[in-house]
Structure formats: C-alpha cells, structure tokens
Amino acid sequence: MEHFHIDIHQRPEPKSIAPRFTSVKIRWKGRAITDLTQGIHRSYLFPVYSPAGVSLTSESPVDHPHHNSITVSADVFFVQLPPLSPAISTLIEEATYNFYVNNIFQGRAPGRIWVVGVDSEEISENHLRVVQTIQWQGPEEWGAPADIGRRVLAEETRTIDIFPRAVANIIDIRSQLRPTDWDVTIGTTRHAYFTIRMADELRPANGGILIDSEGRIGQEEVCNQLAGWVDISGPAVGGQKAGITVIPHASATGIEWFCFDYGTMLVNPFMREKGILNRGEELDLGIRILAHDGDATEAGVADLYEAFKGEGK
C-alpha cells in the first residue's frame, strides 16, 4: 500500500486487564487512525484517534468492562437447534446465549465474536477498506463440535471503510450477519447492536457534552429520542477538545437513541422489537463514526452529516 500502513500484532496469550489476542494497527501517512482488536470475548475498534491524535474511546471501563470502545454485539440471542439425527428425535430445541456481557448474564451463557479472516484494500489515497470474516461462537459446551468445542451460531462480514480527513477521521462500519445451521432471534434487549464507549475524560459525567442533531443536550433530552446523529465531545488529556459523532446508515435509521452521561451511545434496532433471522437471511446494519477534533460545531458535524446523506448510505 502507498498511503495506508497495516501492522498486525499477535499475542499468543492475553496479558492485560483487557486481554488482546490480535491488534491490526492502521495508519495513514504515518498518522494513527485505529486498531482492529480481537479480545477474549469480541472484536472491536480500539484505540480510535482524532486527526490530532486524541484517543477517544475506553477499552474496558471499570463500570462496564464489556464496553470495548466500538463494538458490534447483542444480548438475548436465541437459536433453534435442529435435531442431531431424525432417526433419534425430531425435537427442535431452543438455546439462549449472550454476546454482549463477558459473563453469564440473566442466565445466558457468554459466547464470543471471533475474527477468522481479514482482507484489506487501499481503494484510493484517502480510502482504505478492511473486510473481516467473523464467527459468532457459542460457549464451550458438551455436545458442541469437538474441534473448537463451540457451536458457530452465526457468521458476520464486517466491512470497515476508513476516510482520513483534516478535522475528522471518517469510519464506516457495516455488519452483515447470517445464521449458520440455526434460525436466530435477537432481542428484545437494551444491549445491542453498535455500542460506542467514550474515554473517561470525555464522558458527559466528567464535563463532556452529549448533543444530538436537533440541538438537544444531555442524557435526559437525548436518550429515547429520534435524531440524525448524536455526538459526545469534551476536553481530553491536555485540555484539547475532541469527540465522536455517530450517524446511523439508512439500514439503522428510525431507531430511538440509547445514550448515557457515563459515556455510552448505542444504535440498537432490537430494543423494542425482536429481530428474526431464518437460515438464508441476512441482517445488514451500518453506522458512520466521525472521530473529530473540537466539539460538534467546530468539527462541522452538521455539514458532514449533510454530505453523508448525499452519499446514499
């Protein structure tokens, strides 16, 4: 690649508070953009940098250690297990998993979201595309395939398009999720699907500002409302202002925002309704991340949103 540089760091065993197995470090003309990180429980983006190099997200905050920066995940994940052998039984059994919290949650055993392949392409000087092939694997259990000890419940193609800019690094994340051998139901749950967790110093509880496209400010005004975008910005280490804007793609519009002053923004289509995915079907959802310097006004978020709408995503 001429303009982007990708460096893969592999660790055979996790050795930190937020253990990582692999980090795919992405840089543009020497400037750090983000890492695509594989942890014990899921794949996520961390760190995520503004153009000036401000680290904007938290990898494993004490209050919610499963909020790994920018993630795709879901709790309340039901599957219909077909009979192992019609000669033995035609009974279809239901199993329930959790792909959101790191531990057993409300009786649901945790699975893991595991990258099994990565491809990348430098499309232009200012555009990198990374495509991850990901398995949503159930927990190790009796009766699961012997080679990994886990059922592969769904497969995901995650396409990450990166567009570095002067004021904001633009990151599009598209998740295409397909059941494998089982029909899948997600939700209802407040714990899904795209989760963004801000760095501690940028949280509204610590002086940051949570604002949406309608000018509403703060958790009480923004949470459970409809808006074209939501932004959290604040003074980072050293006093420099920076933040993140989240814009749903057309596939994820019309969804109430789930945002909190402790620094979390969620785009979740399963908070009010279940999502049913039968074999052969696909869940296709996307968001745009603006990792910007300054606050929402200084970064020109409103103009960037209008430009986004013109792209037809």
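Just so you know, all these numbers are worked out from the coordinates, no wet-lab data involved. Keep in mind that what you see is a predicted model, and the values were worked out from it rather than measured. In this analysis, Cβ positions are derived from the backbone assuming ideal geometry, glycine residues included, and neighbour counts consider all displayed protein chains.
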* Asked: Does the range 216-307 classify as rounded, prolate or oblate by the C-alpha gyration tensor (a ≥ b ≥ c root eigenvalues; a/c under 1.5 gives rounded; else a/b over b/c gives prolate, otherwise oblate)?
  -> prolate
* Residues 91, 226, 56 arranged by fewest to most Cβ contacts within 10 Å -> 91, 226, 56
* Only one of the values (i) 1.09; (ii) 0.99; (iii) 1.58 was calculated from this structure for Cα Rg over 2.2 N^0.38 Å; name its label. => (ii)
* **Structure-based [θ]222 nm, the chain - -39500 (n - 2.57) summed over DSSP H runs of at least 4, per residue, nearest 500** => -1000 deg cm²/dmol
* Among 178, 151, 279, rank each residue by its count of other Cβ atoms within 10 Å, from fewest to most, as a rough exposure measure. => 279, 178, 151
* Take the alpha carbon gyration tensor of the range 163-253, find the square roots of its eigenvalues, order them as a ≥ b ≥ c, and report rounded if a/c is under 1.5; if not, report prolate when a/b exceeds b/c, else oblate. => prolate
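Order by neighbour count: 104, 255, 160, 6, fewest other Cβ atoms within 10 Å first, most last. Please report the intermediate quantities before stating the final value.
On the way: 104 11, 255 18, 160 23, 6 15.
Ordered by Cβ neighbours within 10 Å, fewest first: 104, 6, 255, 160.
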* Asked: How far is it, in nm, from the label point at residue 167 to the one at residue 2 when both lie 7 Å from their Cα along the line to the Cβ?
  -> 2.8 nm
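Quick check for me: using +1 on Lys/Arg Cβ and -1 on Asp/Glu Cβ, what's the dipole size of the range 54-311 about its Cα centre, in debye to the nearest 20? Intermediate values should be presented prior to the final figure.
On the way: 19 positive and 37 negative charges, 90 e Å.
I would put it at about 440 debye.
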* To do: For the chain, calculate the relative contact order in percent as a whole number, restricting contacts to Cα pairs under 8 Å that are 6 or more residues apart.
  => 16 percent
* Structure fact -> With Cα coordinates, the longest principal axis of the chain makes an angle with the long axis of helix 301-311, in degrees rounded to 10, of 50 degrees
